[in-house]
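Each remark here refers to the structure printed beneath this line.
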Amino acid sequence: MRRELLVALALVLAGCSAPTLPGPIGGPSHPETPTGQDAIGWEDGYWYDDPVSVTTDDGLNESELEAVTARTMARVERIRGLEFEEPVPVEVISRAEYRNRSSGNGSSAGPPRDPWNDQVWESLLLIGEDSGSSEAIDDTLSTAVQGFYSPSRDQIVVVSPSETPAVDRRTLAHELVHALQDQQFGLNGSAETQDTQLARDGIVEGDANYVEALYERRCGDGWNCMDRPEREGSSGGGGSSINEGLFTVIIQPYATGPRFVDARREAGGWEAVNAVYSEYPDSSEQVLHPEAYPDEDPVNVTVRDRSNGEWQRFDHDPVADTVGEASIFATMYHNNQTDADRYSYDSAPSVGWGGDTVVPYHDGDGDGDGGYVWRSSWDTEEDAREFARAYRAALVEEHGATQPRANVYVVPESSPFADAFHVVRRGDTVRIVNGPTVEDLGEIHAPAG
């Protein structure tokens, strides 16, 4: 999965419990004006606790937006203990304009197909053949995004929650944290796999959501803050264009990242949080279970290519993806294999993940039928057994699969996941081979020997 855009999304978590956060922010009162170098908590003429004179009923004009941005920067500095090195431009656009830009200036063609990534999401039983992964991701983000920071442009774009150019104080604070991260640590790196992207976002988005929560607490405890504008329509986790399973994967860094940040801060203050930007988590497991960071490295899982001449791996770099514990939780939740809270990311079939790799295959030209081999490693045989049991149950109970022979499942054409599956557990590993028909399974991944 490629989700570079998600380096700076602010998404609304309806009903998601907040992390445990430290108490009120104390410290000495500020001087009347900063002396020498710019002071933390002061930006462009505004201290963090200065009032600003704005009228929000008809949105913010240019001078009002500049004032609100300067004070919000000062407040983010005050909370985070880091200094902005330069101003951050902020643009406010409508939801319609965001959709227009994200779809390629209004092109009706939609995003380009990604057959390789389609197979990755099909393996998770989250995006079926009735909707390609590119389309599902584009539709979900177009509905859910509230704002983003562009590291390449050093600019924030806020998507107005109403027809007037309104700015939600939480969205602005969140995106300014991303600008501060970029100025202090750099945010131009990339992740090779779905799981390492989620892991990287665990600190980037976790830090921003953590500061956003502290900011909001201060708005109710001493700071004078703008009223939050009313939102029009759904903003995530329930809109008509939302793929719920995809959304659960995307939202994971926002939901569990603050707990990871809180654990690091508890262990060593903000310096311990800052240090994570030099050593990103290696897996979503380390974000979901902060005690696993940084020592519990994921297992390196490989799949030997045993396909015939008609089935091939994609000419893709990397050739395989790693989906990780967070995405597997989403699979179990949205296929009714766990009663866990949606945003807990804690279920028996996903806990105990040690590592995995998904290798997509195509039938010659890369534009026809697809398949994959997904091999996962687990901490114990019981963990592997639990995952295999739940995956098989999802195929049968949720997608109507029949079982023509041992370990082979066939999902009917009425399902968006209509395919054949070979699910085998050996010790602490599970291998799932997928293809259009039972006959294709052996051609995609022939039995050993």
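The values are calculated or read from the model by the stated rules, or taken from the named source; none is laboratory data. All values derive from a computational prediction rather than experimental measurement. Backbone-built Cβ (ideal geometry, glycine too); neighbour counts: all protein chains shown. Only protein heavy atoms, including side chains, enter the accessible area calculation; ligands, DNA and RNA are left aside. Shrake-Rupley method; radii C 1.70, N 1.55, O 1.52, S 1.80 Å.
Estimate the FRET efficiency between A275 and D44 by the formula 1/(1 + (r/R0)^6), using the beta-carbon distance for r and 22 Å for R0, to the nearest 0.05.
0.15
Apply the a/c threshold of 1.5 to the C-alpha gyration tensor of the stretch 167-263 and tell me whether it is rounded, prolate or oblate.
oblate
I'd like the Karplus ³J(HN,Hα) series for the stretch 382-388: coefficients 6.51, -1.76, 1.60, θ = phi - 60°, whole numbers in Hz, and an x wherever there's a Gly or Pro.
5, 4, 5, 4, 5, 5, 4
Multiplying the sequence separation of N300 and E129 by 0.36 nm and subtracting their Cα-Cα distance, what value in nm do you get?
58.6 nm
Using a probe radius of 1.4 Å on heavy atoms only, what accessible surface per residue do you get for the chain? Whole Å² is fine.
With the other protein chains kept in place, the chain gives 42 Å² per residue.
Semi-axes of the equivalent ellipsoid for the stretch 362-449, please: Cα gyration tensor eigenvalues, times 5, square-rooted, ordered largest first, whole Å.
They are 22, 17, 11 Å, listed largest first.
Take the eigenvalues of the Cα gyration tensor for the stretch 291-421, scale each by 5, and report the square roots as semi-axes in whole Å, largest first.
Values for the stretch 291-421, descending: 25, 21, 13 Å.
On a C-alpha basis, how far is the centre of the stretch 85-164 from the centre of the stretch 207-230 in Å? Whole number, if you could?
Taking the Cα centre of each part, the stretch 85-164 and the stretch 207-230 sit 26 Å apart.
Points 7 angstrom from Cα along the Cβ direction at N100 and E163: gap in nanometres?
Taking the two extended label points, one gets 1.6 nm.
What distance in nm separates the simple spin-label points at A446 and H316, each placed 7 Å from Cα in the Cβ direction?
2.4 nm
Going by average Cβ density within 10 Å per residue, which order do the peptides 81-94, 173-186 take, highest to lowest?
Order by mean packing, descending: 173-186, 81-94.
Rounded to two decimal places and with Rh computed the Kirkwood way over Cα pairs, what is Rg over Rh for the stretch 253-309?
1.22
How big is the C-alpha Rg of the chain next to the rule-of-thumb value 2.2 N^0.38 Å, as a ratio?
Normalised Cα radius of gyration, the chain: 1.05.
Note the angle between two axes, namely the Cα long axis of helix 194-219 and the longest principal axis of the Cα atoms of the chain, as a number of degrees from 0 to 90, rounded to the nearest 10.
So the helix axis and the longest Cα principal axis differ by about 30 degrees.
Quick one: with all protein chains in place, what share of the accessible area of the chain is carbon or sulfur, to the nearest percent (1.4 Å probe)?
Here it works out to 43 percent.
If I model a spin label as a point 7 Å beyond the Cα along the Cα-Cβ vector, how far apart are those points for T55 and D154 in nm?
3.4 nm
Per the helix-only calculation at 222 nm, which mean residue ellipticity applies to the chain, given -39500 (n - 2.57) for every DSSP H run of n ≥ 4 and division by its residues, nearest 500 deg cm²/dmol?
Mean residue ellipticity at 222 nm (helix-derived): -11500 deg cm²/dmol.
What is the stretch 211-313 by shape, rounded, prolate or oblate, if you read a ≥ b ≥ c off the alpha carbon gyration tensor as root eigenvalues and call it rounded for a/c under 1.5, prolate for a/b larger than b/c, and oblate otherwise?
oblate
First measure r as the distance between the Cβ atoms of A406 and E382, then evaluate 1/(1 + (r/R0)^6) with R0 = 22 Å and state the FRET efficiency to the nearest 0.05.
0.55
Calculate how steeply helix 244-276 sits against the longest principal axis of the alpha-carbon atoms of the chain, using the helix alpha-carbon long axis, and give the answer as 0 to 90 degrees to the nearest 10.
Taking Cα atoms only, the helix is inclined about 50 degrees.
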